Number of protein chains: 2
Amino acid sequence: MNISDAADRSGLPAKTIRYYEDIGLVRPARSENGYRDFGETELHKLVFLGRARALGFTIEDCRALLALYEDDDRASGDVKRIAEGHLDQINQKIADLEAMRATLSHLVACCHGDDRPDCPILEGLGGPAQA
Amino acid sequence: MNISDAADRSGLPAKTIRYYEDIGLVRPARSENGYRDFGETELHKLVFLGRARALGFTIEDCRALLALYEDDDRASGDVKRIAEGHLDQINQKIADLEAMRATLSHLVACCHGDDRPDCPILEGLGGPAQA
DNA sequence: CCTTGACCTTCCAGTGACTGGAAGCCTTAT
DNA sequence: ATAAGGCTTCCAGTCACTGGAAGGTCAAGG
């Protein structure tokens, strides 16, 4: 299967698939003409990578997860540890974003947003530190 | 004031301050020896930038906000529009992360996490599409 | 006066995970 | 024979810094 079919079936852009080969995540065979030739196994890995990336795992996490996926003697504890670490990071990011949202939505709510210069948002950013 | 004092008083790393000058966000004076010399106005802008960045505004948003901050004839509506746009993006990011968290925490909860290879997390990533 | 150490300067390269584009080869259909 | 489309590689750019090298400046101590 050529790269554009692999792209269609995995949902990843062809550019991304080439990049994943560059960094050693997949190793498609090559046809005589030099084109990449994806078998079911490599396609399967692309799907796996697409799902893991969609869950926000880093490429290095994906590399580790893929190695575990292909290792019949893996310990599920290793997988779970990676996933829990990532879950902690997601929770941290959500907490950070919620703190931003709280501050910013308060400022936005206080701003009348018309053509006058008076603006609590700018005051919050530039004024003296607030409690 | 030299850059390290500006860094201490603004909370930004000196490297970041130099970068902000590079991209034209601040324009500190120069002493005869070539050192940057920050007055209160430039320091104030650094504090403003630090707060805006902490709220997740992009550098280009910061540039626009700073211009409005320095414009006595601004319309607060312009500020509010930028802030609301950013708030939308924050909300979108939170929603994305919460979706990831829901999927991932479910998978993690299903994984016994011991030394056996059986692993619902990997099955979720590599298996057939789920409803 | 000299040295030491802490500053400061500029410039270059790297981060993560792609993405866009150029230049050129291959295939398929007309 | 040619035109369109797909494939290849390689280089550069994204965002907002961050690290490090090479070298100039300054204040204190001997």
Point to revise | For A:Gly85, label point 7 Å along C-beta direction: distances to other copies, nm | key: 3.8
Check your understanding: What nm distance separates the two modelled labels at A:Thr58 and A:Ala14, each placed 7 Å from Cα along Cα→Cβ?
Key -> 3.1 nm
Check your understanding: Which Cβ of chain A lies nearest the axis of the rotation superposing A onto B, and at what whole-Å distance?
Key -> A:Ile94, 3
Review point. In region A:4-72, what chymotrypsin sites (Phe, Trp or Tyr not before Pro) fall in a loop by DSSP, with at most 10 other Cβ atoms inside 10 Å?
Key: none
Practice item. Note the distances from B:Cys110 to each other copy's matching label point, with points 7 Å along the Cα-to-beta-carbon direction, in nm, sorted shortest first. Key: 4.7
Exercise for review: Any chance you could list P(r) for region A:1-57, counting all Cα-Cα pairs in 10 angstrom bins from zero, rounded to whole %?
Suggested key: 26, 61, 12, 2
Review point. What is the local net charge at B:Lys93, summed over the other residues whose Cβ is closer than 14 Å to its Cβ (Lys, Arg +1; Asp, Glu -1)?
Key: -2
Review point. Shortest first, in nm, what separates the label point of A:Glu40 from those of the same position in the other copies (7 Å along Cα→Cβ)?
Key: 7.5
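To the nearest 500 deg cm²/dmol, what mean residue ellipticity at 222 nm is calculated for chain B from DSSP H runs of n ≥ 4 alone, each contributing -39,500 (n - 2.57), summed and divided by the residues?
So the calculated ellipticity at 222 nm is -21000 deg cm²/dmol.
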Practice item. Would you mind counting up the charge near B:Cys111? Only other residues with Cβ under 11 Å from its Cβ, with Lys and Arg at +1 and Asp and Glu at -1. Key: -2
Check your understanding: PRE reach from B:Asp88 (point 7 Å along Cα→Cβ): which of region A:112-131 fall under 18 Å by backbone N?
Key -> A:113-114
Study note, to complete from the structure: Answer in debye to the nearest 20: the dipole magnitude of chain B about its Cα centre, from +1 Lys/Arg and -1 Asp/Glu charges placed on Cβ, is 120 debye
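Values quoted throughout were computed directly from the atomic coordinates according to the rules given, and no laboratory measurement underlies them. Given the structure is predicted, the values throughout are model-derived calculations rather than measurements. We place every Cβ from the backbone using ideal geometry, glycine too, and count neighbours over all the protein chains shown.
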